[in-house]
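The next block holds one structure in the form of C-alpha cells; read it before the comments.
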Amino acid sequence: MQDHDFIVVGSGSAGCVVAEKLSANGRFSVLVLEAGGTDRRFFVQMPLGYGKTFFDPAVNWNYKTEPDPGLAGNADHWPRGKLLGGSSSINAMVWIRGQREDFDGWAAAGNPGWGFDDLLPIFKAIEDNEAGADEWRGRGGPIHVTDNRGRVHPLTHRFLKAGQQAGLALNQDFNGAAQEGVGVYQINTKNGRRWSAARAFLRPAMKRANVRVVTNALATKIFFEGTRAVGIEYLNNGRTVTARASREVVLCGGSVNTPQLLQLSGVGPADLLKNLGIPVVLANAHVGANLQDHLGINYTYKGRLPTLNQTLRPWWGKMLVGMQYLLLRTGPLSMSMNQGGGFFRTDEGQPRPNMQLYFQAFSTVLPKPGERPILTPDPWPGFSIGLSNCRPSSRGSITIRSKNPLAYPKIVPNAYSTEVDVAEMLAAVKFVRKIASMPAMSEVITEEVLPGPKCVSDDEQIADFRKRSGTVYHPVSTCRMGPDASQSVVDPRLRVHGLAGLRIVDASIFPDNISGNTNAASIMTGWKGAEMILEDHA
Ligand SMILES: Cc1cc2nc3c(=O)[nH]c(=O)nc-3n(C[C@H](O)[C@H](O)[C@H](O)COP(=O)(O)OP(=O)(O)OC[C@H]3O[C@@H](n4cnc5c(N)ncnc54)[C@H](O)[C@@H]3O)c2cc1C
C-alpha cells in the first residue's frame, strides 16, 4: 500500500496543473497516475505531428461513439490523449479562452468565483504571450503562446480578406476585448514545439522529490470508507496496485474517463449501477449525463494557387519542410493545421457569436488506399474553410457497459438532436459559402470539392452536414458543477456532492460548454481547482 497526501488521476490539461500546484510548496506528497505513457515523442512535440497522433493507439484512446441518428447513423471518431499531457499533447493547439458571457453564465448559475472577472487573472497568469502583455494578455506564465500573424500561408490572408468582404471585422486577438471577427489563431507552442500542459507544468513538477508520476497506470476503482474517498486501485503493467490518499483523491481523467471511473466505483445513476451489479456508494443521475460537445464540418475547395498540398505531398517537399523544421524549427510543421479562423453570428438576433471558423491551407479529402484520412494532402491545390458551433443545445451521455474497467464506455452524443442546432448549422454553412464567394477567395477557387455544386437546397445541405460533420473534440459537462446536489456532480469548490475527500478537476465539470476550443479553459480549471484545494488544506 502506497501512501500520499493527494492522488491525481490523469495527467491531462488540468491534471498537470493540479500536480504542479499541489506539490509546489513542498508540504504535500503527490502521486500522479497516468494511463498512457511518455510525451517524449517526435510527432507529439512537432505541431503538425497532429495528423499522426490523431489515430495512434500508442498515445490516443481512439474512442468511437454509438452510431448517431443525428450524424446519419455514423459512429464518430473521438480522439482523446492517453499520455503525459493528455489531450493537450495531441490537440491542435489553438489558444482560445472563450467568451466573457460563458464564464459569467457559470457564475450566474450559482458558482461564485467562476465569472470572467474572477478568472481573467488566472488566464493571464497561465500565459507567456509572444504578443506581449496588456489588459487581457499575460507574459511570463508557464504556457507559451505564439503569435502567428507574420507566419501564415498567403492563402490565410486571402481568407481574412474574404471574411472582411463578407462583413466580419479583422480581429487581432480573439482573447482580447472581443471575440467576434476573423483573424490568425494564436497557438500554444514555443520555438516550433508543442507547449502542452505536461511541458509547462508537469515536467517541472516531476523534478520535485514530493511528486511521483506513474505512467501506464490505469485507475480502475476509487476506494471509499463510508462516503469518504481514501484511495485508488490501479493497474500497472499487469499488476494491481493500491494507493492511499490521506487528504484527497483528485479526478482529472477528462470528460469521458472521469464519469467512467466514478460509475465503476459506485457513484452514478442508481439503475445503471444496480443492473451491472455494482454496489452503490452514492446515487447521482448526473454522473455521465449532460454531455455537450462542439460539432464541425469542412467545406473544401480546389484552387488556382499552390496550397500546402503542393509542399506537403511530394517527397521532396516533405524533405524540404522537414529540413526547415529540424534546422530552424519554423515552417508549416511548426504550426497548427488551423492557421486562421474567426467567430460570427448566424443572424443579427444572436446576442454574441455562436459559430467558429477555421481556415486550413491544405486539404486531405482523398486518403491513400489503406490510409486514414487527414494524413495525405490531396494531389491538387486544395484548402478548407471549416466551422463549428459554439453553444449547441443537444445533450448526450457517457455510461459504462460493464464492470470491466478496460471496456470502453458507451458514448451517445445525440448530435443535432434539436431543431435549433440544425437551423443554426444550416445558416452557418451558408455563411461559409458566402465567404468563399467573396472576391478575395472566389478569384482563386476553381471548384467546390465538398460538398460540391450539387448540394444546393436546405434539405441537401442539412443531409450533407449530418453525413459529414463530427466532433471537434470538446466534450464537457459530464460531471457538471453546480450548487444543487440534485442537478450536478460537484459543488463550486469542485468537491463531489455527498462525498468527502473527492474532487473533480477537469473539463467534465464545465457547467456549460464555452464558445471556442476548450484547452485553455481546462488548464484554467486545473489552476483554480488546485488553488481551492490548497486553501482547504492550508
Ligand atoms: C484531437 C484534438 C484536438 C483538439 N484541439 C484543440 C485545440 O486546438 N485547442 C483547444 O483549446 N482544445 C483542443 N482540444 C480540446 C482540449 O485539448 C481538451 O478539452 C482538454 O485537453 C481537456 O483537458 P482535460 O484535463 O479535461 O482532459 P485530458 O487532457 O484529456 O486528460 C485526461 C488524462 O487522464 C488520463 N486518464 C484518463 N482516465 C484515466 C484513468 N482511469 N487512470 C489514469 N489516467 C487516466 C488520460 O490518459 C489523459 O492523459 C482538442 C482535443 C483533441 C482530442
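Relative contact order of the chain, taken over Cα pairs closer than 8 Å and 6 or more residues apart, is 22 percent.
If you plug the beta carbon distance of Ala108 and Ala427 into 1/(1 + (r/R0)^6) with R0 = 30 Å, you get a FRET efficiency near 0.65. Subtracting the Cα-Cα distance of Thr418 and Lys64 from their residue separation scaled by 0.36 nm leaves 125.2 nm.
Were the residues from Asp459 through Ala538 laid out at 0.36 nm apart, the gain over their Cα-Cα distance would be 22.5 nm.
Look at where the Cα atoms of region 187-253 and of region 330-347 average out, and the two centres are 32 Å apart. Evaluated with a Cβ-only charge set (Lys, Arg +1; Asp, Glu -1), the chain carries a dipole of roughly 1800 debye about its Cα centre, given to the nearest 20. Report the net charge of residues surrounding Ser394, where surrounding means a beta-carbon distance below 9 angstrom and charges are Lys +1, Arg +1, Asp -1, Glu -1. Net charge around Ser394: -1.
Solvent-accessible surface of the chain, taken per residue with a 1.4 Å probe and all protein chains present: 37 Å². Once Rg and the Kirkwood radius are both taken over the C-alpha atoms of region 213-277, their ratio Rg/Rh works out to 0.97. In this structure, the amide hydrogen of Val230, modeled 1.01 Å from its nitrogen in the peptide plane, lies closer than 5 angstrom to those of Phe223, Phe224, Glu225, counting only residues at least 5 positions away or on a different chain.
Bridgeable aspartates and glutamates around Lys302 (alpha carbons under 13 Å apart, same-chain partners fewer than 8 residues away excluded): Asp378, Glu443, Glu447, Glu448. For the set Arg433, Arg313, the ranking by accessible area, highest first and with no ligand, DNA or RNA atoms included, is Arg313, Arg433 under a 1.4 Å probe.
Working from label points 7 Å from Cα in the Cα-to-Cβ sense, the Val280 to Glu101 distance is 3.9 nm. Quick check: from the Cα gyration tensor, does region 74-181 come out rounded (a/c under 1.5), prolate or oblate? Rounded. For Thr307, the accessible surface of its heavy atoms amounts to roughly 0 Å² (probe 1.4 Å, protein chains only, rounded to the nearest 10).
Only lysines eight or more places from Lys21 in sequence, or on another chain, were considered; those with a Cα closer than 18 Å are Lys124, Lys207, Lys528.
What is the calculated FRET efficiency for Ser486 to Trp316, with r their C-beta to C-beta distance and R₀ = 45 Å, to the nearest 0.05? So the FRET efficiency works out to roughly 0.10. Computed over Cα pairs, the Kirkwood radius of the chain leads via Stokes-Einstein (0.890 mPa s, 25 °C) to a diffusion coefficient of 105 µm² per second. Treating only the Cα positions of region 22-128 as identical point scatterers, give the base-10 log of I(q)/I(0) from the Debye formula at each q in 0.14, 0.21 Å⁻¹. Taking Cα atoms of region 22-128 as identical point scatterers yields -0.90, -1.06. Charged side chains reduced to their Cβ positions (Lys and Arg at +1, Asp and Glu at -1) give region 73-149 a dipole of some 340 debye around its Cα centre. For the pair region 397-462 and region 42-104, the centres of their Cα atoms are 17 angstrom apart. Rounded to the nearest 20 debye, the dipole magnitude of region 473-514 is 140 debye, with +1 charges on Lys and Arg beta carbons, -1 on Asp and Glu beta carbons, and the Cα centre as origin.
If I take R0 = 22 Å and measure r between the Cβ atoms of Ser437 and Arg304 in this structure, what FRET efficiency does the formula 1/(1 + (r/R0)^6) give, to the nearest 0.05? Efficiency for this residue pair is about 0.90. Remark: for residue pairs Lys161/Lys454; Lys318/Lys410; Lys410/Lys430; Lys82/Lys318; Lys190/Lys221, the C-alpha separation exceeds 31 Å in Lys318/Lys410; Lys410/Lys430; Lys190/Lys221. Rolling a 1.4 Å probe over the protein chains gives Trp61 an accessible area of about 30 Å². Given the DSSP H assignment, sum -39500 (n - 2.57) over each helix run of at least 4 residues in the chain and divide by its residue total; what's the result at 222 nm in deg cm²/dmol, nearest 500? Calculated from helices alone, the mean residue ellipticity at 222 nm is -7500 deg cm²/dmol. The loop-placed trypsin sites (Lys or Arg not before Pro) in region 237-305, going by DSSP, that have at most 12 neighbouring Cβ atoms within 10 Å of their Cβ come out as Arg304.
The values are calculated or read from the model by the stated rules, or taken from the named source; none is laboratory data. For clarity, every value in this text was computed on a predicted model and none was experimentally measured. Note: ideal-geometry Cβ built from the backbone for every residue, glycine included; neighbour counts use all protein chains shown. The area values use the complete protein model at the heavy-atom level, side chains included, leaving out ligands, DNA and RNA. Shrake-Rupley method; radii C 1.70, N 1.55, O 1.52, S 1.80 Å.
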